[in-house]
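Readers should treat all values here as calculations from the given coordinates under stated rules, not as data from a laboratory. Model, not experiment: these values are computed from the prediction. All Cβ positions, even for glycine, are placed from backbone atoms using ideal geometry, and neighbour counts span all protein chains on display.
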Amino acid sequence: MIQLIDGFLSLVLLSILFSLGSGRLTVLFKVIAFQGIAVSIVPLLIGGRHVVFEDILFTLATLLIRGVVIPYSIYLAIKKAAITSKFEPIVDYHASMFAGLLFMVVAALISEKLMLPSMAGGKLLITASIALLAGGMFILMARRNAIAMVLGYIMMENGIYLVGTAFSVRARHIVEFGILLDVLAGVMIMAVILQNIKQRFNDVDTARLTTLKE
């Protein structure tokens, strides 16, 4: 079971590099959808505990929201606002991928230092969590496209979700589902804001927001 969990988490780590090396929103959208599906399945496999109907139901609901509803909402925002798929980064893609590799190395070192009991659920759990947080934060800082920044925010939240999975045992469903609903509401609001930015500036490059005045 641990090998299966680490297999999922290895794909998540590769998806971070893929997202940092891509300049197309459609690729980022697919990466976020995959990450949402992967991090939704991992909690069901952790700990070797007996799986009950409640666990399966929660996993399916989480997977639906993270892997389908949230990415599809962003996809609809892209299509409705007629936003171009390609965007230019602040930090170029090769440097971004190198930064991603550094994040993973640092995350692995931190994971070894922590030595958490929850790591029995998977050796890469904490590593993937920290790498997702760092990768999402990097996208927020190194991309000027507003939708790419939203996707970076969602990547960070996926990392937070995995951290919660590692630390929480009881009442996990209630806490994490509450966070998930907050994220879903935030994405919906962001989609409306992005559409308004597109209508006002005919672009979603955040550099243009410096022209706003009080």
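Just subtract the alpha-carbon distance of E88 and I110 from 0.36 nm times their residue separation and send over the number in nm, one decimal.
Extra length available between E88 and I110 comes to 4.7 nm.
Sort 151-158, 68-75 for me by packing, meaning the mean count of neighbouring Cβ atoms within 10 Å per residue, highest on top.
Going from most to least packed, we get 151-158, 68-75.
At a 10 angstrom cut-off on C-beta neighbours, averaged per residue, how do the peptides 101-113, 128-140 rank from highest to lowest?
Descending mean neighbour count gives 128-140, 101-113.
Please find the FRET efficiency linking L76 to I41, where r is the Cβ-Cβ separation and R0 is fixed at 25 Å, and quote it to the nearest 0.05.
Plugging the Cβ-Cβ distance into 1/(1 + (r/R0)^6) gives 0.50.
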